[in-house]
Amino acid sequence: MTATFRLESPADAATPDATRAPIRPRRRGQRAARRGEARAGLAMASPAIVLLLTFLIVPVLLGFALSFTNARLISPEPLRFVGLDNFVRAFTVDPTFFRSALNTFAFAAVVVPVQAGFGLFLALMVNQKIRGVTAFRVIFFIPVVTSIVVVSILWKFMYQPDGLVNSFIDSVTFGAWQGTAWLNNPSTALFAIIVLSVWQAVGFHMLIWLSGLQTIPEELYEAARIDGAGTWRQFRDVTWPCLRPTRIFVLITITIAALGLFVQIDVMTQGGPIDSTSTLVYHAVLTGYRQQQIGYGSALSLVFFVIVLVIALIQRHLTRDKD
Amino acid sequence: MAATPRVRGTRSEASEQRRRRRVWSYLVLVGLAVFFLFPLVFMFVSSLKPDGQILSDISGWRAFLPVGDVGLDNYGAVFDRVPVGRFLLNSLLVTVAIVGLGLVVNSMAGFALSRLRWRGRGLVLGVVIATLIVPFETIAVPLVYWVAHLPTLLFQDGALVYDIGWLNSYKVQIIPFVANAFSIFLFSQYFSTIPTSLDEAARIDGAGWFTIYRRIVVPLSGPAFATVAILTFLPAWNQYLWPTMVVQDEKLRPVMVGMQYFFQDNPAWGEIMAYTSMITLPVLVVFLAFQRAFVSSVAASGVKG
């Protein structure tokens with residue numbers, strides 16, 4: 001409290017002065033008020049500035065610097081500059097890194113369109129003017145508030161060879177099609193993780209789409225109907241063009257989230273079987289933290305960061321061009 | 001249905017069509033609801049059953065019904081195996097601290113950035129917006145190295161002791177997550193919609209900037225505070241990657257990390273389902289109680305994109 005009063009005092013002193021004698025030149029009072037404002041602004045922003053500097057900016061720069069060193073978390077060796085060794089190692093002698101990059105892109109390539117499309121479908125369903133529709137919004141959103149750790153464990157249980165998923169497949173196909181050990185099979189593990197990832201997160205994007213849908217004025221639909229447009233034409237000529245800003249937001253947020261795939265891997269497969277589910281972030285955390293090679297892990301994180309940045313910029317560029 | 005008079009012609013045909021469409025809508029909605037709910041129903045129901053029965057029930061409807069040898073045995077076993085109470089308390093403490101401190105720190109920054117003129121404001125605003133796209137995963141590894149070398153003051157044997165390293169503490173789970181670029185952004189967006197004439201009037205009455213923030217802007221910004229609280233509450237409660245890296249001390253672990261006690265070669269699924277049910281229920285209750293606020297928060301997070 002005292003600190004605040006000290007902050008205010010120059011500005012406070014200026015105000016009554018200026019009101020009492022309006023004829024006198026107000027410059028001095030104004031300057032004092034300006035100074036007070038500047039000081040208050042810096043003071044009120046400073047806790048956030050200090051914290052962001054310490055825990056975001058410094059780690060980003062530190063990660064950049066450590067990428068060129070042999071840093072380890074606990075190390076008998078002194079910190080040493082190793083040039084591009086870490087990057088050379090990643091791109092030449094670390095097949096898991098290459099496989100992880102491939103898996104990450106495959107995951108994003110499927111999840112981005114599927115989750116965006118499914119989310120839009122859900123949004124259209126719950127945007128209808130029918131009774132009880134809010135209850136469905138809440139239900140579709142429930143997986144989003146469930147922790148991804150819990151969701152991963154739960155689905156791991158359901159994916160067991162004698163688990164719920166296989167028993168379901170068995171009963172709907174009357175035993176004609178046998179399931180597999182989804183997570184232990186290199187050709188199905190990533191697909192299995194995609195399914196639960198979409199299941200968990202799609203409700204979030206449903207709401208984003210929904211808020212976009214609700215900004216579209218009803219008159220546009222009325223005009224379209226008068227022109228004889230059916231449901232599909234209304235969607236194509238009214239809904240879709242009006243959703244442009246929402247589309248960009250959804251696209252970029254899903255992409256960044258999908259590229260950061262980590263928890264599902266850590267809980268369900270630990271990157272296996274035979275690297276078929278390892279991802280960039282998982283690999284960076286595994287080497288950088290669990291194997292204590294901070295320098296190498298930082299280099300992998302930096303590569304990941306550059307990839308995210310480039311993709312985000314490309315998306316921005318592509319979506320901006322159509323203006 | 002046969003009684004519908006044909007005479008009404010096109011009008012009844014149109015309403016008939018609308019009715020049929022509504023029925024289809026409900027069928028699809030119910031199907032989707034089943035898709036989104038069945039895993040969670042399965043989790044809660046299984047948490048009440050012994051392992052043998054979970055497996056024998058799995059091939060039919062019984063998997064989703066609390067029938068047979070139902071009881072709270074799994075929950076008792078969980079309490080015997082891990083300090084659940086302690087984990088829940090740790091998570092609660094960390095979450096409340098992150099959300100509470102975050103509301104104060106980020107709203108003050110949002111206020112300074114949206115309503116005050118000061119040197120460096122443009123730079124800070126630019127940096128805040130630029131950091132929006134830094135995924136936490138990319139700084140996790142260097143951040144561990146960084147916090148392991150930060151100085152810390154400990155209160156030991158009645159004296160303050162200087163030490164190095166933040167690992168294994170509450171503060172390492174809280175302080176890095178207090179300032180949040182996205183929260184600052186949301187606050188400053190919201191604050192800039194409040195007319196500045198209110199500030200001017202208050203200044204003429206002799207109010208300082210902090211008073212204006214606390215007495216005028218904060219009381220008018222309930223929805224912004226609710227949005228930020230909700231959007232920071234979930235990730236704080238769900239923290240997993242970070243605490244697995246920086247907290248080895250069992251007494252300080254949050255709920256999600258406590259999960260690791262159950263990862264074994266021969267998992268006791270009934271107990272696991274009981275544990276996951278226990279750590280999911282509090283969030284679910286909060287969500288259902290404040291669902292309207294949740295929905296509008298998420299919508300608000302997307303508006304400005």
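Under a model in which nothing but the beta-carbon of Lys, Arg (+1) and Asp, Glu (-1) is charged, the protein assembly as shown shows a dipole of about 2760 debye around its Cα centre. Charging the Cβ of each Asp and Glu at -1 and of each Lys and Arg at +1, and nothing else, the dipole of chain B about its Cα centre rounds to 1820 debye.
Rg over Rh for the range A:91-321 works out to 1.04, using Cα positions for both radii and the Kirkwood form for Rh.
Send over the semi-axes of the protein assembly as shown's equivalent ellipsoid, whole angstrom and largest first, taken as the square roots of 5 times the C-alpha gyration tensor eigenvalues.
43, 37, 25
Taking springs between alpha-carbon atoms closer than 10 angstrom, which of B:VAL283, B:VAL134, B:VAL246 fluctuates most in the Gaussian network model of chain B? For chain B, modelled as a Gaussian network with Cα springs under 10 Å, the answer is B:VAL134. Using 14 Å as the cut-off for backbone N distance, which residues of the range B:95-137 belong to the label zone defined by a point 7 Å from the Cα of A:ARG316 along Cα→Cβ? The answer is B:126-135, whose backbone nitrogens lie closer than 14 Å to the label point.
In the range B:99-198, what is the volume of the convex hull around the alpha carbon atoms, normalised per residue and reported in Å³? Show your work: numbers first, answer last.
On the way: hull volume 15.1 nm³, N = 100.
Spelled out: Cα convex hull of the range B:99-198, divided by residues, is 151 Å³.
The fewest-to-most ranking of B:SER15, B:SER107 by surrounding Cβ atoms within 10 Å reads B:SER15, B:SER107. One compactness figure for the range B:22-120 is 1.86, namely its Cα radius of gyration divided by 2.2 N^0.38 Å. Look at the alpha carbon pairs under 8 Å that are at least 6 residues apart: their mean separation over the length of the range B:83-256 gives a relative contact order of 41 percent.
Report the relative contact order of chain A, percent, no decimals, based on alpha-carbon pairs under 8 angstrom and at least 6 residues apart. Walk me through the numbers before you get to the answer.
Working: 340 pairs, mean separation 81.3, N = 323.
25 percent.
The modelled label-to-label distance between B:ILE133 and A:ASP162, using points 7 Å beyond Cα along the C-beta direction, is 5.1 nm. Sorting A:ARG247, B:ARG117 by the number of Cβ atoms found within 10 Å of their own Cβ, with the fewest placed first, yields B:ARG117, A:ARG247. With a/c under 1.5 counting as rounded, go ahead and sort the range B:32-71 into rounded, prolate or oblate using the C-alpha gyration tensor (a ≥ b ≥ c being the square roots of the eigenvalues; past the cut-off, prolate if a/b is larger than b/c, else oblate). Here the range B:32-71 falls in the prolate category. Ignoring aspartates and glutamates fewer than eight residues from B:LYS49 along the same chain, the ones with Cα atoms less than 12 angstrom from its Cα are B:ASP57, B:ASP69, B:ASP73, B:GLU271.
Could you order the peptides B:83-93, A:263-273, A:293-303 from most to least packed, using the average number of other C-beta atoms within 10 Å per residue?
Averaged packing, sorted descending, gives the order A:293-303, A:263-273, B:83-93.
The mean number of partner chain beta-carbon atoms within 10 angstrom of a residue's beta-carbon across peptide B:171-179 is 3. Computed from the C-beta positions of B:LEU72 and A:SER187, the FRET efficiency with R₀ = 35 Å rounds to 0.30. For chain B, the relative contact order works out to 27 percent when only alpha carbon pairs closer than 8 Å and six or more residues apart are counted.
To the nearest 20 debye, what is the magnitude of the charge dipole of chain A about its Cα centre, counting +1 on the Cβ of each Lys and Arg and -1 on the Cβ of each Asp and Glu? It would help to have the intermediate numbers written out before the result.
Details: 27 positive and 18 negative charges, 320 e Å.
For chain A, the charge dipole is close to 1540 debye.
For B:LYS171, a cut-off of 15 angstrom between C-alpha atoms picks up these aspartates and glutamates, skipping any fewer than 8 places away in its own chain: B:ASP163, B:ASP249.
Among A:LEU207, A:LEU183, A:LEU220, the largest mean-square fluctuation in a Gaussian network model of chain A (Cα springs under 10 Å) belongs to A:LEU220. The alpha carbon radius of gyration of the range B:83-256, expressed as a multiple of 2.2 N^0.38 Å, is 1.20.
Comparing B:ALA33, B:ALA97, B:ALA130 in a Gaussian network model of chain B, where Cα atoms under 10 Å apart are tied by springs, the biggest mean-square fluctuation is seen for B:ALA33.
An oblate overall shape is assigned to the range A:257-323, the ratio a/c of its alpha-carbon gyration tensor axes (a ≥ b ≥ c) being 1.5 or greater and a/b not exceeding b/c. Dipole of the protein assembly as shown computed with +1 at Lys/Arg Cβ and -1 at Asp/Glu Cβ about the Cα centre; of B:ALA229, B:HIS149, B:SER15, farthest Cα towards the positive end is B:SER15.
When the protein assembly as shown is described by a simple charge dipole with +1 on each Lys and Arg Cβ and -1 on each Asp and Glu Cβ, the residue from B:SER297, A:PHE98, B:MET273 located farthest towards its positive end is B:SER297.
Other chains' Cβ within 10 Å of B:273-279 residues: what's the mean? Before the final figure, lay out the partial values.
On the way: counts 4, 0, 2, 9, 2, 0, 4.
Mean number of neighbouring Cβ atoms from other chains: 3.
When each of the peptides B:206-214, A:49-57 is scored by the mean number of other C-beta atoms lying within 10 Å of its residues, the order from highest to lowest reads B:206-214, A:49-57.
For n ≥ 4 DSSP H runs only, could you compute -39500 (n - 2.57) per run for chain B, divide by its residues and tell me the 222 nm figure to the nearest 500?
Details: 15 runs with 195 residues, N = 305.
Computed ellipticity for chain B at 222 nm equals -20500 deg cm²/dmol.
Shown for A:GLU77, B:GLU200: other C-beta atoms within 10 Å of each C-beta, ranked fewest to most, produce the order A:GLU77, B:GLU200. Per-residue mean of foreign Cβ neighbours for A:164-172 is 3 (Cβ atoms of other chains, 10 Å radius).
Rounded to the nearest 0.05, what FRET efficiency do A:GLU77 and A:ILE307 have when you use their Cβ-Cβ distance and R0 = 30 Å? Using R0 = 30 Å, I get an efficiency of 0.50. Helix-only arithmetic for chain A: the sum of -39500 (n - 2.57) across DSSP H runs with n ≥ 4, divided by the residue total, places the mean residue ellipticity at 222 nm at -22000 deg cm²/dmol.
Any idea which of A:PHE168, A:GLY288, A:PHE249 is furthest toward the positive side of the dipole for chain A, if Lys and Arg beta-carbons carry +1 and Asp and Glu beta-carbons -1? Ranked along the dipole, the leading option is A:PHE249. Seen from all directions on average, chain B presents a Cα convex hull projection of 27.8 nm².
Note the full-extension length gain between B:GLN156 and B:ARG18 as 0.36 nm times their separation in residues minus their Cα-Cα distance, in nm to one decimal. Present the calculation step by step, with values, prior to reporting the outcome.
Details: separation 138, 0.36 × 138 = 49.68 nm, distance 7.39 nm.
Going from the current span to full extension adds 42.3 nm.
Convex hull volume of the C-alpha atoms in the range A:108-219, normalised per residue: 137 Å³.
Bear in mind these aren't lab numbers, they're just calculated from the coordinates by the rules spelled out. Predicted, not measured: the structure shown is a model, and the values here were computed from it. All Cβ positions, even for glycine, are placed from backbone atoms using ideal geometry, and neighbour counts span all protein chains on display.
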